[in-house]
Amino acid sequence: MARGGAGDPDEGVELLWREGDVEPRPGLSLSRIVRTAIELADAEGLEGLSMRKVADRLGFTTMSLYRHVPGRDHLLDLMRDAVMGSPGTVLSEEGGEQGGGWRARLEACAREGWRLRERHPWLAEVRGSRRVPGPNAVAHYEYMLSAVSGTGLTPAEMIAVVGLVARFVDSEALRLAEVARTERLSGVSEEEWWGSRDSLYARFERYPTLTRLWEQGGYDEPEDPFEFGLRRVLDGIEMLVQERDETRDETCQMCGVPVERAASGRPRAYCSRACQQRAYRRRRSG
């Protein structure tokens, strides 16, 4: 397989979940390669990242890098997991959001993911349905799942909720990354470019709703896309949690075993006739 391609996923697992850092040559290690690649991507974006450029920054040949990492695609996975383990993440000992309800914890995860992508815009562009996760990525996923544990959501719903929040953060971050890349390549800011499109705006008069919103200042002070979207996503999840809460099984007042909610009439207090009789005898004896 050609270097720089998707690579062997099993080899990626071994790299990401390795114990320690093997250094077959003095002065060059996998951790140094990854750190340098992150610095390069932060400065030039993913379009500026290559094995050759990383090697040049380190003062080694490109072939030397291949002794540590098979190619650019595996390097991207290593970079992604490395920044997810940076100080300041939700799971760090200093800033962990361990308290609060499920919404506060899930919101903290989303905001930390957003801040992480602001520091490393290229992170949103490391995409693909077959990206091998490393230990830091899995730890973040575990934390997000634990945030909605005990809410009454089904296992499939918990997974879907976490995926929804993660995809929202990624999609908003990807938009920012695309804007930054376009500005970097063109040398023209997004505001300047759109501000020069008078020939386009002159044709909008035939669209009454758009024109009215424009005239009423709807585009002058727009809602923050991330803040607005995150609130709406969490509101929707909260509605689902409340719905599940209303239909959640009761527990037997005698033994604590879950009791199916009655389709109609009064809620069931006991899981069986036997528990009901034991409760009756206890009341009589008391």
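The values are calculated or read from the model by the stated rules, or taken from the named source; none is laboratory data. If you're wondering where the values come from, they're calculated on a predicted model, not measured in any experiment. Positions of Cβ are generated from backbone atoms using ideal geometry, with glycine treated the same way; all protein chains shown enter the neighbour counts.
Check Pro87 against each of (1) at pLDDT below 90; (2) surrounded by 13 or more Cβ atoms within 10 Å (Cβ to Cβ) and name the one condition it does not meet.
(2)
With respect to Ala139, is the statement that it is at pLDDT 85 or above, within 21 Å of Ala41 (Cα to Cα), within 15 Å of the chain's Cα centre (by Cα) and assigned to a helix (DSSP H, G or I) true?
On the way: at pLDDT 85 or above: yes; within 21 Å of Ala41 (Cα to Cα): no; within 15 Å of the chain's Cα centre (by Cα): yes; assigned to a helix (DSSP H, G or I): yes.
Taking the combined requirement at face value, the residue does not satisfy it.
Here are Glu183, Glu172, Glu118: which of them is in contact with a Leu (Cβ under 8 Å, 6 or more places away or on another chain) and charged (D, E, K, R)? Show your work before the answer.
Values: Glu183 fails: in contact with a Leu (Cβ under 8 Å, 6 or more places away or on another chain); Glu172 fails: in contact with a Leu (Cβ under 8 Å, 6 or more places away or on another chain).
Selected residue: Glu118, the only one of Glu183, Glu172, Glu118 that is in contact with a Leu (Cβ under 8 Å, 6 or more places away or on another chain) and charged (D, E, K, R).
Yes or no: the stretch 117-131 includes at least one residue that is among the small types (Gly, Ala, Ser), at pLDDT below 90 and either in the same structural domain as Leu40 (by TED's automatic domain parsing) or within 12 Å of the chain's Cα centre (by Cα) (or both). Step through it out loud before you land on a result.
Keep residues of the stretch 117-131 that are among the small types (Gly, Ala, Ser), which gives 124, 128-129.
Keeping just the survivors that are at pLDDT below 90 gives 124, 128-129.
Restricting the remaining residues to those that are either in the same structural domain as Leu40 (by TED's automatic domain parsing) or within 12 Å of the chain's Cα centre (by Cα) (or both) gives 124.
The answer is yes; a qualifying residue exists.
Tell me which residues, restricted to the stretch 45-62, are free of Cβ contacts under 8 Å to residues at least 40 places away in the same chain, within 25 Å of Glu118 (Cβ to Cβ) and not in a loop (DSSP other than H, G, I, E, B).
Our first condition is that a residue be free of Cβ contacts under 8 Å to residues at least 40 places away in the same chain; within the stretch 45-62, this holds for 48, 50, 52-62.
Retained after the next criterion (residues that are within 25 Å of Glu118 (Cβ to Cβ)): 48, 50, 53-54, 57.
Hits for the stretch 45-62 are Gly48, Lys53, Val54, Arg57.
Exactly one condition in (1) touching a helix residue (DSSP H, G or I) at 6+ places or on another chain (Cβ under 8 Å); (2) surrounded by fewer than 16 Cβ atoms within 10 Å (Cβ to Cβ); (3) at pLDDT 90 or above is not met by Leu58; state its number.
All conditions pass for Leu58, except number (2).
Looking at the stretch 64-82, can you tell me whether even one residue there is within 28 Å of Ala160 (Cβ to Cβ), part of a helix (DSSP H, G or I), of a type in the set (A, V, I, L, M, F, W, C) and modelled with pLDDT under 90?
No, the conditions are met nowhere in the stretch 64-82.
Only residues that are touching an Asp or Glu at 6+ places or on another chain (Cβ under 6 Å) and either under 12 Å from Ala110 (Cβ atoms) or touching a residue at least 60 places away in the same chain (Cβ under 8 Å) (or both): list them for the stretch 135-166, please. Break it down stepwise before answering.
Just the residues of the stretch 135-166 that are touching an Asp or Glu at 6+ places or on another chain (Cβ under 6 Å), to begin with: 136-137, 152.
Gly152, the sole residue that qualifies.
Residues are listed down the side, and each one gets a yes or a no for (1) at pLDDT 90 or above; (2) over 30 Å from Ala147 (Cβ atoms):
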{"residue": "Gln216", "(1), (2)": "yes, yes"}
{"residue": "Glu227", "(1), (2)": "yes, no"}
{"residue": "Val233", "(1), (2)": "yes, no"}
{"residue": "Asp245", "(1), (2)": "no, no"}
